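My structure is below; once you've seen it, I'll send some questions.
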Amino acid sequence: MDGHIKIPILPRIRDRGPARHFHGRTDQRASFVRVLGGAKNDPGRGTTFLVQGPPGVGKTALLHKMAQDAAGEWDVVHIKPAALESPVVMAQTLGKTYVANREENFKAGAKILETGFAKQIAGTQTVVGALRDCLNPRDNVILVLDEAQHLANPSVRAAEAAIRDALDDITNGRTERKVVLLLGGLGNTESALEQMGLSRLERNCLHNLKGLHGNEARNVIGDWLVDVGCAAEHLASWVSVLADLADGWPQHLIVCAAVAAEKFSEHSSAPTPEVIREIRDKVGKEKETYYRQRQKGLATEIIVILGLLVAYAGAGCHYARSRLLSALGVIHKDDVGAESALAILIKKGVVAEHADDALYYIPIPSMERHLLEQASRVAAYDPGLVLSIARKLLLVLADYRQGHTPQLPTQLRRVLGDAGMGTPPRQRGPLEAEG
Ligand SMILES: Nc1ncnc2c1ncn2[C@@H]1O[C@H](COP(=O)(O)OP(=O)(O)O)[C@@H](O)[C@H]1O
Ligand SMILES: [Mg+2]
């Protein structure tokens, strides 16, 4: 004994950015590898790859992982929208990266950074021209642009024509160099690109991310728990408790790991009911904060519509675009209002496009629960509002009950009954069922 108490150094647990313990996303990674292979063998092929989805679904982590996978054969350069707008910014971005990352490329990097060279590029070139002149023919470059939804911002759109040309040339392989553009962005990014005039991405180049599958989520939690000091004999029981709380949502998984880490610094034992309750409360608060952020600025009526959709159509339900627009349309006078409400919901990550079937859904089960509770809260202080929305919604939804019947909060059940929406069959009490 040397008399010193060893304090374990815990890894910093960050709920955004590159993952320390990455799992899943095998489809997306395999697609990207195929795209890189294609771009390498045939630089004339379309090479823009987009990963989109709500905040916290894991876009940045995936972009980082894919770039890391490719790093042996490809140079990775992180860019901002301005680099797509201006050849000088593109040249400087490439130059800085090469100077910082690759000593053997120092000469090329230094040339790119020279003022004279920048002027030459500024005077005569397009962004694609800058790519051609700055890169060696043997360079393979992945340009990574995260938060690409900003391409739709008004300030960026002032440079729309230049960016559109750059996107168009890169996507359609007119760079004369092996350049792949890897984009990450919120759920509205594809439509942002469309607004900029990029009509479509190549097959397998657009990925709408969902939460992680059961096993993947458990593996993430398991790795983190080992990292933060969970004893091996308790691992499985901790994993199952925490994976349940996280809903497979990457950001929630990381929050669960952080909350568990605090527990282990006090004592590491099997999860007791009391500790589980404590953790559930803490994680619940963090999730509540996340959902509040997502719903910030939304009109009360929109929250009520979404809550009623979950109550009536069911939890885990998928909606055709037209159905969702009709539902949002009950408080709008025209289609434009409903369209823009849907666009805002997608941007905020309250509604997401489902990757496989082009339907829309609320991306996290506990977010559906949160919306139900919010709608119920409104029903408590303004039952008239909820009642009138419920009546109109009933006409739009008719027999549309697809998801599983959620347990309804009391206030909401009462208002739904008054609206003639009835309580969904499996929830009826014995008297109602007989009647
Ligand atoms: N596939 C994954 N495996 C493990 N951790 C992940 C995975 N995807 C995301 N994470 C973690 O979840 C958190 C949120 O992910 P992030 O990439 O920041 O989301 P987004 O960019 O979509 O907002 C980060 O801490 C990230 O490291
Ligand atoms: Mg991100």
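None of the figures in this text is laboratory data; all of them are computed from the coordinates on show. Note that the structure is a prediction, hence the values are computed from the model and not measured. Virtual Cβ from ideal backbone geometry, glycine too; neighbours counted across all protein chains shown.
Which of 169, 15 has the fewest other C-beta atoms within 10 Å, and how do the rest follow up to the most? Please report the intermediate quantities before stating the final value.
On the way: 169 19, 15 15.
Going from sparsest to densest Cβ surroundings: 15, 169.
While we're on this one: For residue 45, which sequence-distant residues (separation of 5 or more, or a different chain) have an amide H within less than 5 Å of its own amide H, given hydrogens modelled in the peptide plane?
Under 5 Å from the amide H of residue 45: no residue qualifies.
Another question, if that's okay. Any idea what the relative contact order of segment 214-294 is, in percent, if you count C-alpha pairs under 8 Å spaced at least 6 apart? Before the final figure, lay out the partial values.
Values: 69 pairs, mean separation 26.3, N = 81.
Computed value for segment 214-294: 33 percent relative contact order.
Let me ask something else about it. Once Rh is set to the Kirkwood radius over Cα pairs, what Stokes-Einstein translational diffusion coefficient, in µm²/s, holds for segment 345-391 at a temperature of 20 °C and a viscosity of 1.002 mPa s? Each step should come with its number before you reach the end.
Values: Rh = 12.1 Å.
Answer from the Stokes-Einstein relation: 176 µm²/s.
With Cβ to Cβ distances under 13 Å as the rule, what net charge do the other residues near residue 83 carry (K, R +1; D, E -1)?
Details: positive: 80, 96; negative: 85, 146.
Local net charge: 0.
Something else now. Taking the Cα centre as origin and putting +1 on Lys and Arg beta-carbons and -1 on Asp and Glu beta-carbons, what dipole magnitude results for the chain, to the nearest 20 debye? Could the numbers behind the result be given before it?
Values: 52 positive and 50 negative charges, 64 e Å.
Once rounded to the nearest 20, the dipole reads 300 debye.
Right, something else. How high is the relative contact order of the chain, in percent, counting Cα pairs under 8 Å that sit 6 or more residues apart? Working shown, then result.
Numbers: 665 pairs, mean separation 70.8, N = 435.
Taking the mean separation of contacting Cα pairs over the length of the chain, I get 16 percent.
Rank the residues 134, 256 as a footprinting-exposure proxy: fewest other Cβ atoms within 10 Å of their Cβ go first. Walk me through the numbers before you get to the answer.
On the way: 134 25, 256 30.
Fewest to most other Cβ atoms nearby, the residues stand as 134, 256.
Distance from a point 7 Å along Cα→Cβ of residue 388 to each backbone N in segment 315-354: keep the residues under 15 Å and list them by number.
Counting only backbone N, you get 330-333.
For the chain, just say rounded, prolate or oblate: build the C-alpha gyration tensor, square-root its eigenvalues into a ≥ b ≥ c, call rounded for a/c under 1.5, and beyond that prolate if a/b exceeds b/c, oblate if not. Show your work: numbers first, answer last.
Values: a/c = 2.63, a/b = 1.40, b/c = 1.88.
It comes out oblate by the Cα gyration axes.
Using only the alpha carbon atoms of segment 26-208, find the Kirkwood hydrodynamic radius as the inverse mean reciprocal pair distance, in angstroms to one decimal.
Evaluated on segment 26-208, it is 16.3 Å.
While we're looking at this one, here's another question. Could you calculate the contour length gain from residue 340 to residue 68, that is, 0.36 nm times the residue separation minus the distance between their Cα atoms, to one decimal place in nm? Walk me through the intermediate numbers first.
On the way: separation 272, 0.36 × 272 = 97.92 nm, distance 3.70 nm.
Result: 94.2 nm gained on full extension.
Per the Cauchy relation, a quarter of the hull surface: what is the mean projected area of the convex hull of the alpha carbons in segment 108-232, in nm²? All intermediate terms of the calculation are to be shown ahead of the outcome.
Working: hull surface 48.0 nm².
Approximately 12.0 nm², given one-decimal rounding.
Per residue of the chain, what 222 nm ellipticity follows from adding -39500 (n - 2.57) for every DSSP H run with n ≥ 4, rounded to the nearest 500?
Working: 21 runs with 247 residues, N = 435.
The per-residue figure over the chain is -17500 deg cm²/dmol.
Using a/c under 1.5 as the rounded threshold, could you call segment 200-325 rounded, prolate or oblate? The axes a ≥ b ≥ c are square roots of the C-alpha gyration tensor eigenvalues, and prolate needs a/b larger than b/c, oblate otherwise.
Values: a/c = 2.58, a/b = 1.69, b/c = 1.53.
Because a/c hits 1.5 or more and a/b exceeds b/c, segment 200-325 counts as prolate.
Do any of 65/178; 59/285; 282/333; 40/347 go past 30 Å between their Cα atoms, and which?
Details: 65/178 20 Å; 59/285 24 Å; 282/333 42 Å; 40/347 33 Å.
Cα-Cα > 30 Å for 282/333; 40/347; rest within.
Subtracting the Cα-Cα distance from 0.36 nm times the residue separation, let me have the gained length for residue 237 to residue 122 in nm, one decimal. Walk me through the numbers on the way to the answer.
Numbers: separation 115, 0.36 × 115 = 41.40 nm, distance 6.09 nm.
So the chain would gain 35.3 nm between residue 237 and residue 122.
Take every Cα pair under 8 Å in segment 26-208 that's 6+ residues apart, average their separations, divide by the length, and report that relative contact order as a whole percent. Write down the numbers at each step before the final one.
Values: 311 pairs, mean separation 67.0, N = 183.
Averaging sequence separation for qualifying contacts and normalising by length gives 37 percent for segment 26-208.
Can you classify segment 297-434 as rounded, prolate or oblate using the Cα gyration tensor, where a ≥ b ≥ c are the square roots of its eigenvalues, rounded means a/c under 1.5, and otherwise it's prolate if a/b beats b/c and oblate if not?
Numbers: a/c = 1.66, a/b = 1.37, b/c = 1.21.
Because a/c hits 1.5 or more and a/b exceeds b/c, segment 297-434 counts as prolate.
If packing is taken as the mean number of other Cβ atoms within 10 Å per residue, what is the order of 323-330, 393-400, 75-82, 218-225, highest first?
218-225, 323-330, 75-82, 393-400
Among DSSP beta bridges whose residues both lie in the chain, state the antiparallel percentage, nearest 5. Let's see the in-between values first.
Numbers: 4 of 22 bridges.
DSSP beta bridges in the chain are roughly 20 percent antiparallel.
Per 0.36 nm of contour for each residue apart, how much would the distance between residue 333 and residue 150 grow if the chain were fully extended, relative to their Cα-Cα spacing? Could you put the intermediate results ahead of the total?
Details: separation 183, 0.36 × 183 = 65.88 nm, distance 2.92 nm.
That pair, residue 333 and residue 150, stretches by 63.0 nm at full extension.
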